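These notes concern the structure reproduced below.
The values are calculated or read from the model by the stated rules, or taken from the named source; none is laboratory data. Predicted model only: the values in this text are computed from it and were never measured. Please note: Cβ atoms are built from the backbone with ideal geometry, for glycine as well, and neighbour counts cover all protein chains shown.
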Amino acid sequence: MIQIVALPAFSDNYIWLLQDTAKHRCAVVDPGDAGPVLKWLDQHRGWVLEDILITHHHNDHVGGVLALKQASGARVCGPAGENIPCRDLALDDGDTVTVLGLQYQVFAVPGHTLGHIAYYTAQSDTPLLFSGDTLFAAGCGRLFEGTPEQMHASLQRLAALPEQTQVYCAHEYTLSNLRFAKAVEPQNPHVLQRFDDVTQARQEDRITLPSSIGLERLTNPFLRTAEIFVKQKADEWKGHSNDTQAAVFAALRSWKDRF
Ligand code: ZN
Ligand code: FE
């Protein structure tokens with residue numbers, strides 16, 4: 001049985017801590033800062049940090065790797081296509097990696113960065129996805145390295161996972177993402193409901209994650225490029241017709257960048 005908790009880092013990052021409570025062993029995803037993880041380990045003596053999973057090379061995801069590697073000797077797993085400090089296991093699309101007894105599939109999800117990977121397992125009670133800065137709750141990462149076509153394909157692939165899949169992304173961006181989602185689909189009742197729920201949660205300083213693939217399909221405009229109304233809004237923003245879903249995605253992403 002794996003329990004997952006969020007260790008907040010910086011202003012809006014989450015470092016996901018996976019705990020095997022029976023064996024007192026744990027793993028972390030995207031430790032941009034070693035501090036919160038070292039503090040947790042200090043408060044939980046006897047627990048062993050076995051694995052460090054990395055989704056992409058940005059410093060707010062890898063900044064704590066060196067210190068954690070030195071403190072624990074944990075195995076560092078990360079994308080083969082990027083420079084990851086202390087990487088022991090280089091992962092590519094189609095690879096699998098076993099973490100705390102569960103086998104994860106590795107998906108290449110280029111767009112935010114070119115080598116970005118996501119980790120998925122269906123071996124837990126509900127499937128789990130660690131999506132880094134690719135799929136956010138109600139949003140997606142900015143296109144720093146990849147093309148809109150690449151990011152659109154990456155997101156569509158994640159959207160095709162089982163709807164009950166729990167989505168653990170790396171940032172608390174949900175409320176601002178939903179402000180944008182409301183501008184795109186002001187009539188979507190699921191977006192309006194989620195906006196109210198998340199507004200309430202943030203007022204109470206509660207985390208808005210994990211999300212689920214089912215909820216993302218209903219509320220995330222970047223997964224909803226096939227909807228006629230979303231296309232119309234993208235066309236309005238561009239001033240011309242967007243004739244492919246990737247073009248609709250590109251229009252939404254450029255709109256959100258200025259939103
Ligand atoms: Zn990033
Ligand atoms: Fe990030």
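Table for the structure above
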read-out	value
Residue 100 being among the hydrophobic types (A, V, I, L, M, F, W, C) and touching a helix residue (DSSP H, G or I) at 6+ places or on another chain (Cβ under 9 Å)	no
Segments classed as helices (runs of 4 or more DSSP H), wholly inside the stretch 1-103, with at least 3 members that are acidic (Asp, Glu) and more than 16 Å from ligand 2 (Cβ to nearest atom)	none
Pick from the stretch 166-178, criterion out of contact with any Asp or Glu (no Cβ under 9 Å at 6 or more places or on another chain) and either surrounded by fewer than 21 Cβ atoms within 10 Å (Cβ to Cβ) or among the aromatic types (Phe, Trp, Tyr) (or both), ranking: nearest to residue 217 (Cα to Cα)	166
Residue in the stretch 82-103 that is within 15 Å of the chain's Cα centre (by Cα) and either farther than 17 Å from residue 37 by Cα or of a type in the set (Asp, Glu) (or both) present	no
One residue from 144, 136 being under 10 Å from the mean Cα position of the chain (by Cα) and among the aromatic types (Phe, Trp, Tyr)	136
Residue check, residue 181 touching a Gly at 6+ places or on another chain (Cβ under 8 Å), crowded, with 23+ Cβ neighbours inside 10 Å, modelled with pLDDT of 95 or more and more than 23 Å from residue 16 (Cβ to Cβ)	yes
Total residues in the stretch 102-128, condition in contact with a strand residue (DSSP E or B) (Cβ under 7 Å, 6 or more places away or on another chain) and either surrounded by 15 or more Cβ atoms within 10 Å (Cβ to Cβ) or in contact (Cβ under 8 Å) with a residue 24 or more places away in the chain (or both)	18
Tally of residues being over 14 Å from residue 172 (Cβ atoms) and free of Cβ contacts under 8 Å to residues at least 24 places away in the same chain across the stretch 10-22	3
Meets criteria (farther than 17 Å from residue 49 by Cβ and touching a residue at least 60 places away in the same chain (Cβ under 8 Å)) for residue 141	no
Those residues of the stretch 57-74 which are more than 20 Å from residue 133 (Cβ to Cβ) and in contact with a helix residue (DSSP H, G or I) (Cβ under 9 Å, 6 or more places away or on another chain), in sequence order	67, 71, 72, 74
Single unsatisfied condition, residue 238 versus (1) surrounded by fewer than 18 Cβ atoms within 10 Å (Cβ to Cβ); (2) free of Cβ contacts under 8 Å to residues at least 12 places away in the same chain	(2)
